[in-house]
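The values are calculated or read from the model by the stated rules, or taken from the named source; none is laboratory data. Everything numeric in this text was worked out from a predicted model, so none of it was measured. A quick note on method: Cβ atoms are made from the backbone with ideal geometry, for glycine too, and the neighbour counts reach across all protein chains shown. These area figures cover heavy atoms from the full protein model, side chains too; ligands, DNA and RNA do not enter into them. Shrake-Rupley method; radii C 1.70, N 1.55, O 1.52, S 1.80 Å.
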Amino acid sequence: MVEMETLVSLCKRRGFIFQSSEIYGGINGFWDFGPAGVELKRRIKDSWWRQMVQQRDDVVGVDTSIIAHPRTWVASGHVASFSDPMVDCKECKKRFRADDMPVSKKHGEGRCPECGGELTEARSFNLMFETHVGATADSGSIAYLRPETCQSIFTQFKNVQVVSRKKVPFGIAQIGKAFRNEITPRNFIFRSREFEQMEMEFFCHADESEKWFEYWVNERYEWFKSIGIKPECLRLRPHEQDELAHYARGCSDVEYEMPFGWSEMEGIANRANYDLTQHMNESGKDMNYFDDARKEKFIPCVIETSVGVDRTALAVLCDAYREEDVKGEMRVVMGFDRSLAPVQVAVLPLSGKLREPADKLEKEMKKHFYSEYDDAGSIGKRYRRHDEIGTPYCVTYDFESETDHAVTVRNRDTMEQERISIDKVLDYLREKFEK
Ligand code: ATP
């Protein structure tokens, strides 16, 4: 399994992920995605959207604002209880989450794990970022950056149901940023303070909620496999009764075996009709749905699927990393599934003199693939770079290409090279990506 440090360094070197505000010394819990990273995230989001929205008749999408009416977060329970217990060190002033403090024998209980200083009593710390809307910064203008994307799906349930003309059961999906002022952001992009979620709320009748819950658990688990994650590093963890929120009827996490242990990627939960009921009570607006077939009015139950884009990206990065011994030299390869590779095809002229025809070929590739023209450095260095970016195919244009009208296609995984005529190379690659 890849060491986290090795991965972090590759991610920086190859433009996947940088520390946010690096030139100012960084800001803890925030990350910037570089040219390769942004493409990887886009592929992950595209795959999710395709499976969850595009290829279905019973799920529609929305894109709601990050800042919502503050009463949204009163209704959802976040203002009252979206908090973690924290302790502060009286000496070094560091802050820790009380529930994941190791009870260190060395320092004894109540002693800081960093400096051994005395700790304060645990206090609860709300994880929502506050801001102010408008010109005055008084308590009446407080608003919150959303800590999850789903609440606006609930508050817009009626509008979306009416305009989409969907009948229950149906779902509403959204991809967007979420913010949590995590006390101890850690493990690279696994726990950060700004991240992206892909959430879907599926509205159904209570009688069918169990069935739909099972259905979505399975669908979501299969999605992780469909993006190429090794099944042996994936597992489902149904929550114990005492882990469930009081209203929840069931919850299962999809976990991935990260270098730091089995970790939650996604939660799938049967939330009964808690969310719509809460918003109905807080807003006074009716959230009942009239089912023509059943001749019954009810507040729909919800099955929620909630996955982090960044956590998925981290799992994909860990999963793709491999080191190989090639004739005594180490080759590092990011073996991404072809559907996720940031660069699908790279066109490499063997020499700068071949720029023009290689560039022309690459322009053709661009119409069909995420392609890149790369002429910097020796061919060996370029192959190594594309192995680390995870480019499945490198197309090399050499001096012979001028006369035999063919190029060399190098396969990332096998390193095999095939000579393919230029007028067939597009079809050849298209076929590879369709598989
Ligand atoms: P955890 O227990 O790890 O804090 P959670 O159970 O609070 O996570 P949820 O509220 O269920 O997480 O959020 C749904 C998904 O959003 C998570 O499965 C995860 O993929 C993602 N997520 C939540 N918090 C973070 C974070 N701080 N950084 C990155 N992704 C996150």
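Work out the FRET efficiency for ARG165 and LYS353 from their Cβ-Cβ distance, taking R0 = 60 Å, and round it to the nearest 0.05. Intermediate results must be reported in sequence, preceding the final value.
Numbers: r = 61 Å, r/R0 = 1.02.
About 0.50, to the nearest 0.05.
Once the other residues with Cβ under 14 Å from the Cβ of SER263 are scored (Lys, Arg +1; Asp, Glu -1), what is the net sum? The partial results should precede the final answer.
Values: positive: ARG186, ARG191, ARG235, ARG237, ARG311; negative: ASP100, ASP253, GLU255, GLU257, GLU264, GLU266, ASP310, ASP319.
Around SER263, the charge tally is -3.
Simple spin-label model, 7 Å along Cα-to-Cβ: SER65 to TYR428 in nm?
5.4
For the stretch 22-165, what is the per residue volume of the convex hull drawn over the alpha-carbon atoms, in cubic angstrom?
Measuring per residue, one finds 218 Å³ for the Cα hull of the stretch 22-165.
Taking all protein chains in place and a 1.4 Å probe, what share, in percent, of the accessible surface of the chain do carbon and sulfur account for?
Values: 10300 of 21440 Å².
Looking at the chain in its full context, I get 48 percent from C and S.
Using the Karplus curve 6.51 cos²θ - 1.76 cosθ + 1.60 with θ = phi - 60°, what ³J(HN,Hα) values do you get for each residue of the stretch 50-67, in whole Hz, with x for Gly and Pro?
4, 6, 8, 10, 4, 8, 10, 9, 10, 9, 10, x, 9, 9, 9, 6, 6, 9
Run down the aspartates and glutamates and flag those whose C-alpha is under 12 Å from the C-alpha of LYS93, throwing out any fewer than 8 positions away in its chain.
Within reach: GLU114, GLU118.
Just to be sure I understand: if I project the alpha-carbon convex hull of the stretch 343-434 onto a plane and average over all orientations, what area do I get in nm²? Don't skip to the answer; put the middle values down first.
Working: hull surface 20.8 nm².
Average of the hull's projected areas for the stretch 343-434 equals 5.2 nm².
To test your reading of the geometry: what angle, between 0 and 90 degrees and rounded to tens, separates the Cα axis of helix 379-389 from the longest principal axis of the chain?
Helix 379-389 sits at roughly 20 degrees to that axis.
Would you mind checking the pairs LYS167/LYS285; LYS45/LYS211; LYS94/LYS230; LYS177/LYS225 and listing those with alpha carbons more than 29 angstrom apart? Could you put the intermediate results ahead of the total?
Working: LYS167/LYS285 20 Å; LYS45/LYS211 26 Å; LYS94/LYS230 38 Å; LYS177/LYS225 24 Å.
Checking Cα-Cα distances, LYS94/LYS230 exceed 29 Å.
Straight-line reach from LYS327: which lysines have a Cα under 24 Å away, not including same-chain ones fewer than 8 places off?
LYS381
What translational diffusion coefficient, in µm²/s and rounded to a whole number, does the Stokes-Einstein relation yield for the chain at 25 °C and a viscosity of 0.890 mPa s, taking the hydrodynamic radius as the Kirkwood radius over Cα pairs? Walk me through the numbers on the way to the answer.
Numbers: Rh = 24.6 Å.
Result for D is 100 µm²/s.
At 1.4 Å probe size, with every protein chain present, just tell me what the per residue accessible area of the stretch 343-434 comes to in Å².
On the way: 4710 Å² over 92 residues.
Per residue, the stretch 343-434 has 51 Å² of solvent-accessible surface.
To the nearest 500 deg cm²/dmol, what mean residue ellipticity at 222 nm is calculated for the chain from DSSP H runs of n ≥ 4 alone, each contributing -39,500 (n - 2.57), summed and divided by the residues?
-8500 deg cm²/dmol
Tabulate in residue order the Karplus-calculated ³J(HN,Hα) for the stretch 392-400, using 6.51 cos²θ - 1.76 cosθ + 1.60 with θ = phi - 60°, rounded to whole Hz; enter x for Gly and Pro.
Using θ = phi - 60°, the values come out as x, 9, 10, 10, 9, 9, 10, 5, 5 Hz.
With every protein chain left in place and a probe of 1.4 Å, what is the accessible surface of MET4, to the nearest 10 Å²?
Spelled out: MET4, probe radius 1.4 Å, area about 40 Å².
Residue by residue through the stretch 314-323, which ³J(HN,Hα) values in whole Hz follow from phi under the Karplus form 6.51 cos²θ - 1.76 cosθ + 1.60 (θ = phi - 60°), with glycine and proline marked x?
Result, ordered by residue: 5, 4, 5, 5, 4, 5, 7, 5, 8, 10 Hz.
Based on the Cβ-Cβ distance of SER83 and PHE399, what FRET efficiency does E = 1/(1 + (r/R0)^6) give at R0 = 56 Å, to the nearest 0.05?
Between SER83 and PHE399 the formula returns 0.25.
Could you work out how much longer the chain between MET330 and ARG294 gets when fully extended? Use 0.36 nm per residue separation minus the Cα distance between them, nm to one decimal.
6.5 nm
What is the local net charge at LYS285, summed over the other residues whose Cβ is closer than 13 Å to its Cβ (Lys, Arg +1; Asp, Glu -1)?
It works out to a net charge of 0.
Which Cys in the chain stand alone, with every other cysteine's Cβ at 4.7 Å or more from theirs?
CYS11, CYS150, CYS204, CYS233, CYS251, CYS301, CYS318, CYS394
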